[in-house]
Structures are given as C-alpha cells and as structure tokens.
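First up is the structure itself, then whatever we jot down about it.
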C-alpha cells in the first residue's frame, strides 16, 4: 500500500506512463479500496496539471469513472498535440507587419 501512496508523476513523464505505473502498482495490492485509489491517483499529480484540475472540478467517485476521465484526457491531449503538429507542418507562420502608428502633429481647424 505504501508504494501506491508514494507514487508521483515524475518530471518529464507522460500522464499515460504515470497511469500505467499506477495501475501496475494498484493491481499488486490486495484489498485497496476504490476511494483510496482514486484519491491517491489524483494526489500523485502535480498541482498545475490539466488532469488534476479536471479531477478537482469533476471528481471521480469510482475506478471506472477515474479510468474514463484519464482515457478522455489522454485522447484530447494526444489529439491536440497531433493537430498542432500537423498545422505547423502544413502552414508556415506568416508575419504580418503592423501598420505605422498615426501621430497627430498637424493642428486641426476649428
């Protein structure tokens, strides 16, 4: 049980890899309650991660719900990354110069 309670997302580790490690550790533990597993998974995520924020806004109450939210988050994250990569490859960034600023040096007629 201690191994699960001390499990944390490592720097540079993907959510997908952390999730795999978490489930492997969870499956090695006998009689671990769902509530403990759900809370432990969330607490292993750094505060600023999108998945932790999602689990805070929409708490998972069962392992099934937790797994569904994780899968959904990973799918969106991977899709977003792939879409951005494709856009970068097909559409070069175009620099549009800003128009010159207007100065009002001439006096206006009354």
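If only Cα atoms are counted, what is the Rg of the range 2-90, and what is its Dmax, in Å?
For the range 2-90, the Cα radius of gyration and maximum Cα-Cα distance read 14.2, 52 Å.
Using a 10 Å cut-off around each Cβ, can you sort 5, 63, 51 from fewest to most neighbouring Cβ atoms?
5, 63, 51
Each label point is 7 Å from the Cα along the Cα-to-Cβ direction; what then is the distance between the points at residue 33 and residue 5, in nm?
1.3 nm
Need one number: nm distance between label points at residue 57 and residue 76, each 7 Å from Cα along Cα→Cβ, rounded to one decimal.
About 0.7 nm separates the two model spin labels.
For 6, 49, which order do you get if you count the other beta carbons within 10 Å of each Cβ and list the fewest first?
6, 49
By counting other Cβ atoms within 10 Å of each Cβ, how are 61, 40 ranked from fewest to most?
61, 40
Where a number appears in this text, it was derived from the coordinates with a stated rule and is not lab data. None of these values were measured; they are calculated from a predicted model. Methodologically, a virtual Cβ is constructed for each residue, glycine included, from the backbone with ideal geometry; neighbour enumeration extends over all protein chains shown.
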